[in-house]
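The values are calculated or read from the model by the stated rules, or taken from the named source; none is laboratory data. Being a predicted model, the structure only gives us computed values, none of them experimental. All Cβ positions, even for glycine, are placed from backbone atoms using ideal geometry, and neighbour counts span all protein chains on display. Surface accessibility is based on the protein's heavy atoms, side chains included, excluding ligands, DNA and RNA. Shrake-Rupley method; radii C 1.70, N 1.55, O 1.52, S 1.80 Å.
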Amino acid sequence: GSYELEGSGADTTPPQTAIDLTPPPSGTAATASFVFHAPELGARFQCKLDGGKYRGCKAPFHRKVSPGSHSFAVRAIDSAGNVDRTPARYRFEVRR
C-alpha cells in the first residue's frame, strides 16, 4: 500500500543570526570581541572581518585589529545546512 507523509519533514528555513556583544563603535582597543547566537540548537557559525572570506568561528570571537575602520559579519548554518542569507553585521572604528 501507499502512505502519505505529514509535511515534508525537511528543514528549509535558514537560521537568523544575532550579535549580542560588540566592541564600541569607536574606541582604542587592539582586540575586537564579539558574542553571537542563533536560536537553532546545533547551529554553527562563519565569520568574516573586513574584506576576508567567511571562515568557521565560535563565540566568543576575538581578533587583533589595527587602527582604522572595520566591518564584522557572522552567519549561522543550521544542522540541515541552511545558511542565514542575511548575516548579522557590525561596523566599528579603532582610533590610535
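Computed over all pairs of different Cα atoms, the Kirkwood value for the hydrodynamic radius of the chain is 14.7 Å. Stretching S71 away from A29 to a fully extended chain increases their span by 13.6 nm, per 0.36 nm per residue minus the current alpha-carbon distance. Computed with a 1.4 Å probe over protein heavy atoms only, the accessible surface of the chain comes to 68 Å² per residue. Relative contact order for the chain: 34 percent, from Cα pairs under 8 Å spaced at least 6 residues apart, divided by residue count.
Computed in the context of the full set of protein chains, the accessible area of the stretch 34-96 at 1.4 Å probe radius has 49% of its extent on carbon or sulfur. Of the peptides 65-76, 17-28, the order by per-residue mean of other Cβ atoms within 10 Å, starting with the highest, comes out as 65-76, 17-28.
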